[in-house]
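The values are calculated or read from the model by the stated rules, or taken from the named source; none is laboratory data. Just so you know, these numbers come straight off a predicted model, no measurement behind them. Note: ideal-geometry Cβ built from the backbone for every residue, glycine included; neighbour counts use all protein chains shown. With ligands, DNA and RNA removed, areas are computed over all heavy atoms of the protein, side chains included. Shrake-Rupley method; radii C 1.70, N 1.55, O 1.52, S 1.80 Å.
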Amino acid sequence: MSNIAFLFPGQGSQTAGMGKSLYDNIPESKEVFDKAANILSDIDIKALCFEGTEEDLKKTENTQPALVTVGIAVYRALQSKNIEGDYFAGHSLGEITALCAAGYISFEDAVKIARTRGLLMAKAGSDAPYGMAAVLGLNYEDVVKCMPENKEVVAANYNLKDQIVISGLSKAIEEITPKLMEAGAKRVMPLKVSGAFHSPFMKPAADSLKEFLDNVKFNNSDNKVFSNVTAEIHSFDSIKENLYKQMFSTVRWFDSMINMQKMGITKIFECGPGKVLTGMTKKIAPDIEAVCVFDMDSLNSAIN
């Protein structure tokens with residue numbers, strides 16, 4: 001086992017033109033984008049990544065397959081430079097990319113899962129006035145204590161020790177904000193999202209995704225992938241169930257990173273734009289060297 005892990009970002013990390021310099025310079029990355037262009041009949045992912053506007057890319061149904069494609073293109077670029085590892089993790093959507101990079105899902109299936117997931121989440125997000133907000137300065141346990149029993153708003157992302165994202169009905173988030181501030185939160189910051197992701201309101205979408213996953217072939221692999229749901233390494237038999245549960249369960253990223261540290265991981269490569277996971281790694285586990293790769297400049301910097 002190596003001491004290297006590959007991390008893959010979720011929604012919010014996308015940016016116009018992402019992956020183009022790798023496409024132009026790394027044959028292995030070019031192959032990924034060329035293959036992606038022919039997987040879906042309704043969108044050209046390569047054109048979306050290289051030529052799409054920020055408005056196009058921020059649509060959930062587009063963001064998800066685009067980020068999977070870029071993540072794998074970056075990972076193949078790192079492999080082409082003989083950078084290998086046994087551990088993988090992805091934040092929310094990024095878990096699909098991680099499972100693909102680790103060999104559990106084919107690239108074609110990963111793109112199709114991401115597109116289906118994105119469409120289902122977009123539809124679910126339009127059903128009611130939903131929202132998400134980042135709670136800053138309060139730990140996970142104290143945030144959970146403030147959540148209402150009716151689950152109209154829940155703790156959705158355990159990102160940092162003092163950064164928890166809540167998710168649910170917009171009205172419920174507004175109503176719970178004073179209670180969070182009284183409990184010691186420094187700020188409750190609404191996020192620009194279209195749905196109550198990782199909350200019980202995503203359960204119908206998750207049920208539909210589960211039906212889709214029943215027709216996906218999962219392969220065995222010796223690589224280790226951390227589950228967002230458990231923060232532990234997936235067993236092969238748990239992958240499909242955890243991908244289903246992940247849509248309406250808390251993303252336990254903080255715990256995942258602590259577990260990586262305990263397992264002896266000393267370096268992570270974030271595969272994709274944004275540097276979100278690199279930044280969180282430096283705050284959660286500062287002893288782990290964190291490098292973000294998303295274009296030729298950052299790739300060259302990572303290998304030199």
Q) Does ASP287 meet the test of being part of a loop (DSSP other than H, G, I, E, B) and free of Cβ contacts under 8 Å to residues at least 40 places away in the same chain? A) yes
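Can you tell me which residues in region 41-83 are of a type in the set (Lys, Arg) and touching a helix residue (DSSP H, G or I) at 6+ places or on another chain (Cβ under 6 Å)?
LYS46, ARG76, LYS81
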Q) Can you tell me how many residues in region 112-159 are farther than 23 Å from LEU209 by Cα and among the hydrophobic types (A, V, I, L, M, F, W, C)? A) 9
Q) Taking region 242-258 on its own, how many of its residues are in a helix (DSSP H, G or I), over 21 Å from PHE212 (Cβ atoms) and open to solvent by 30 Å² or more (accessible area, probe 1.4 Å)? A) 3
Q: Please identify the pairs in which a residue from region 14-32 that is at pLDDT below 95 has its Cβ atom under 9 Å from the Cβ atom of a residue that is among the aromatic types (Phe, Trp, Tyr) and assigned to a loop (DSSP other than H, G, I, E, B), counting only partners at least 6 apart or on another chain.
A: THR15/PHE294
Q. Out of all the residues in region 111-123, which are at pLDDT below 95 and crowded, with 24+ Cβ neighbours inside 10 Å?
A. MET121
Q. Just for region 209-231: of the residues that are surrounded by 15 or more Cβ atoms within 10 Å (Cβ to Cβ) and out of contact with any helix residue (DSSP H, G or I) (no Cβ under 6 Å at 6 or more places or on another chain), which one is farthest from SER106 (Cα to Cα)?
A. THR230
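For region 20-31, indicate whether the set of residues that are in a helix (DSSP H, G or I), under 24 Å from MET260 (Cβ atoms) and not hydrophobic (A, V, I, L, M, F, W, C) is non-empty.
no
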Q. Just for region 178-196: of the residues that are at pLDDT below 95 and in a loop (DSSP other than H, G, I, E, B), which one is surrounded by the fewest Cβ atoms within 10 Å (Cβ to Cβ)?
A. LYS192
**Q.** Which listed residue, of ASN38, ASN25, is open to solvent by 10 Å² or more (accessible area, probe 1.4 Å) and either closer than 17 Å to VAL293 by Cα or in contact with a helix residue (DSSP H, G or I) (Cβ under 7 Å, 6 or more places away or on another chain) (or both)
**A.** ASN25
Q: Could you figure out which of (1) in a helix (DSSP H, G or I); (2) modelled with pLDDT of 95 or more; (3) within 29 Å of LYS240 (Cα to Cα) isn't true of GLU175?
A: (3)
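Any residue in region 5-15 that is of a type in the set (Ser, Thr, Tyr) and assigned to a helix (DSSP H, G or I)?
Among the residues of region 5-15, not one is of a type in the set (Ser, Thr, Tyr) and assigned to a helix (DSSP H, G or I), which makes the answer no.
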Q.
Can you pull out every residue in region 140-167 that is buried (at least 17 other Cβ atoms within 10 Å of the Cβ), touching a residue at least 24 places away in the same chain (Cβ under 8 Å), over 19 Å from the mean Cα position of the chain (by Cα) and under 20 Å from ASP127 (Cα atoms)?
A. VAL153
Q) Out of curiosity, is SER301 closer than 17 Å to TYR75 by Cα and part of a helix (DSSP H, G or I)? A) yes
Q: Being without any contact (Cβ under 8 Å) to a residue 60 or more places away in the chain, open to solvent by 10 Å² or more (accessible area, probe 1.4 Å) and part of a helix (DSSP H, G or I) is the filter here, so list the residues in region 56-95 that pass it.
A: ASP56, ASN62, ARG76, GLN79, SER80
Q: Read through the list (1) surrounded by 22 or more Cβ atoms within 10 Å (Cβ to Cβ); (2) assigned to a helix (DSSP H, G or I), then give the number of the only condition that MET132 fails.
A: (2)
(Q) LYS262 - would you say it is farther than 24 Å from CYS49 by Cα, free of Cβ contacts under 8 Å to residues at least 12 places away in the same chain and touching a strand residue (DSSP E or B) at 6+ places or on another chain (Cβ under 9 Å)? (A) no
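Taking GLU108, is it surrounded by fewer than 24 Cβ atoms within 10 Å (Cβ to Cβ) and in a helix (DSSP H, G or I)?
When the stated conditions are applied, GLU108 passes them.
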